[in-house]
Amino acid sequence: MNSDVEELMPKLLPVDPCDPEDVDLSEPPRTPQEYLRQVQLEASLCPDVVVAQIDPKKIKKKQTVNISFTGCQAAPVGFSPSFRWQQQQVSNFSAIRQPELEDEEGWKKFCLGEDICCNTSPTAAGSEHPGLDYTKIGFPPFLSIVSRLNQATVSAVLEYLINWCEEKEFVPQLGRWLYALLGCLEKPLLPEAHSLIRQLARRCSQVRAGLESKEDEKLSALNLMICLVGRYFEQSDLADNE
């Protein structure tokens, strides 16, 4: 290694000077000093400048790379929400994004939405830009959400929603979440989960018995809950018989 390179690359490990002819690169080093000498010799044999041989014929002609440095397109006049509305949505989302395990009301609002839990109208006055607001209508059971729930959380949320079902109306959001949570239960069932799904099937049968028409949109969801508990989770005494 020439002196110019040595000035730019100070020695980090001491290496005793030796004759390059005494270093055999074909043999494995037997000591740390021999290893360092071999590394030093190999480095000295490398050229200071390496030029790659590129065949121009292999380079595709007219290669174009489009890189955009712009942000989002500006909304048309009157289409963008106010800054106050944006702040409120961020605040709402932050508050319910990760409810604590014991926070029953927080989980109900997360799954079912504030409109249902608080019994407020989706078109209440003052609801600026009422579009797709998950804090109002509830978060769907996205795979990215339910796949992160451990069995303790699955059982807890299932219990919270069954409690809701015992006291309130069976709504579409509730059916979607119950289905997703049943899909997360691991078999064999823990005693607590076993008791919960039986409670769910019994409650669904009660709601079904109170329907006035076979055309009611809730009927299919109720039948599905009872079917899964009775047939998939082998609670045959609760299953429907022809």
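The values are calculated or read from the model by the stated rules, or taken from the named source; none is laboratory data. Not measured: the values here are computed from a predicted model. In this analysis, Cβ positions are derived from the backbone assuming ideal geometry, glycine residues included, and neighbour counts consider all displayed protein chains. What goes into the accessible areas is simple: the full protein's heavy atoms, side chains included, and nothing from ligands, DNA or RNA. Shrake-Rupley method; radii C 1.70, N 1.55, O 1.52, S 1.80 Å.
Some observations on this one:
- The stretch 151-180: number of residues that are over 17 Å from Gly106 (Cβ atoms) and not in a helix (DSSP H, G or I): 3
- Flag for Ile54 being under 51 Å from the mean Cα position of the chain (by Cα) and either at pLDDT below 65 or not aliphatic (A, V, I, L, M) (or both): no
- Cβ-Cβ under 9 Å pairs, at least 6 apart or on other chains, the stretch 205-232 side at pLDDT 85 or above, far side open to solvent by less than 60 Å² (accessible area, probe 1.4 Å) and of a type in the set (Phe, Trp, Tyr): Val207/Phe170; Ala221/Phe170; Leu222/Phe170
- Residue count for the stretch 177-221, restricted to those that are under 25 Å from Thr153 (Cβ atoms) and either touching a Phe, Trp or Tyr at 6+ places or on another chain (Cβ under 7 Å) or not hydroxyl-bearing (Ser, Thr, Tyr) (or both): 27
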